[in-house]
Amino acid sequence: MLLSSSFTPISFPSPKFTVYQNRSPKRILKMAQSAHNPGCFVNCIVSVGRQQKIIVPNKHDEKLVGLLHETGSEEIVILCHGFRSTKESTTITNLAIALENEGISAFRFDFAGNGESEGTFQYGNYWREADDLHAVIQHFSGENRAASTILGHSKGGDVVLLYASKYHGIRTVVNVSGRYDLQRGIEERLGKDFVETIKKEGYLDVKNKTGDVSYRVTEESLMDRLSTDMHEACLQIDKECRVLTVHGSADETIPVEDALEFSKIIPNHKLHVIEGADHCYTSHQTELVSVVLDFIKAALQQDKATSN
């Protein structure tokens with residue numbers, strides 16, 4: 001159980017938040033309203049450490065903005081958000097803080113065109129975001145910090161797998177709810193006649209509930225997604241690279257079957273399905289954090305044993 005008798009509630013004036021403070025000063029847990037679904041609550045972990053804003057230029061001279069959860073550890077975990085999301089997403093933030101509280105430095109950042117980072121949002125962009133991740137890893141490598149693990153949620157899960165297939169050298173990859181078949185899931189976002197509309201107009205504007213344009217899909221950006229072959233990419237991942245795939249059995253955005261496909265083709269792979277979890281792990285943040293932490297800590301121990 002996440003909340004137990006060992007937690008003392010702290011009241012705040014706002015009715016939206018109740019924070020539970022552990023008697024151990026290392027960790028604080030709170031129930032906060034989910035940014036993904038304002039009608040439900042998710043479990044959030046609150047940092048007791050310090051965070052440092054860092055700006056990293058990508059290969060296109062766009063400034064990528066991120067937050068470093070510094071613990072002084074030599075290794076660092078890089079966390080990547082999903083589609084139309086940011087480094088502030090509940091899942092990415094919780095994982096970063098959980099790593100920090102275990103003494104492992106973590107860095108979460110916004111891809112170009114998202115959040116605080118420069119650039120224009122573009123549909124697709126999978127390989128370009130893998131290059132953004134490469135720029136981040138090179139930045140820390142220049143400061144003698146080893147990016148021991150890369151982790152991504154949703155589209156970010158695809159990005160970290162693509163990175164491992166292209167650049168190699170990474171020892172541990174965590175794919176949280178990534179999509180295996182990128183030709184699926186498009187109609188749900190763009191509508192039934194999206195192909196005809198884009199061919200006729202040259203683009204399709206995706207609008208929000210109020211009728212405002214959220215983003216534009218061009219034929220080029222659509223083809224960028226459709227031509228990204230996760231199957232072929234995963235076959236290029238080094239056998240020495242450990243890969244963990246975590247997926248929720250009740251994910252309505254990306255079906256759990258996609259996780260099973262990853263497990264068939266990635267050589268050094270572990271699959272963990274969280275029963276009842278949705279795409280954002282709304283009611284399963286604690287289990288997600290536990291599974292990911294156990295895997296990363298075990299991988300770090302193996303790396304230290306090998307280097308000795």
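The values are calculated or read from the model by the stated rules, or taken from the named source; none is laboratory data. Note that the coordinates shown come from a computational prediction; the quantities given were computed from them, not determined experimentally. Cβ sites come from the backbone with ideal geometry, for glycine too, and all protein chains shown count toward neighbours. When the accessible area is computed, the model is the full protein with side chains, heavy atoms only, and any ligands, DNA or RNA have been set aside. Shrake-Rupley method; radii C 1.70, N 1.55, O 1.52, S 1.80 Å.
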- Note on the structure: Descending packing, highest mean Cβ count within 10 Å first, for 197-203, 119-125, 157-163, 59-65 is 157-163, 119-125, 59-65, 197-203
- Of all accessible heavy-atom area on the stretch 60-121, the percent that carbon and sulfur account for (1.4 Å): 39 percent
- How much accessible area per residue does the stretch 190-308 have, in Å², with a 1.4 Å probe? 55 Å²
- Ordering S141, S263 by how much accessible area each has at a 1.4 Å probe, largest first, what is the list? S141, S263
- Message: Tell me which trypsin sites (Lys or Arg not before Pro) from the stretch 236-306 have a DSSP coil assignment and no more than 13 other beta carbons within 10 Å of their own.
- Response: K239
- Item | Burial order of peptide ranges 226-232, 87-93, 207-213 (average beta-carbon count within 10 Å, highest first) | 87-93, 226-232, 207-213
- So the carbon and sulfur contribution to the accessible area of the stretch 133-184, 1.4 Å probe, in percent, is 39 percent
- More than 24 Å apart: what percent of Cα pairs in the stretch 204-308 qualify? 47 percent
- About its Cα centre, what dipole magnitude does the stretch 57-178 give when the only charges are +1 on Lys and Arg Cβ and -1 on Asp and Glu Cβ, stated in debye to the nearest 20? 340 debye
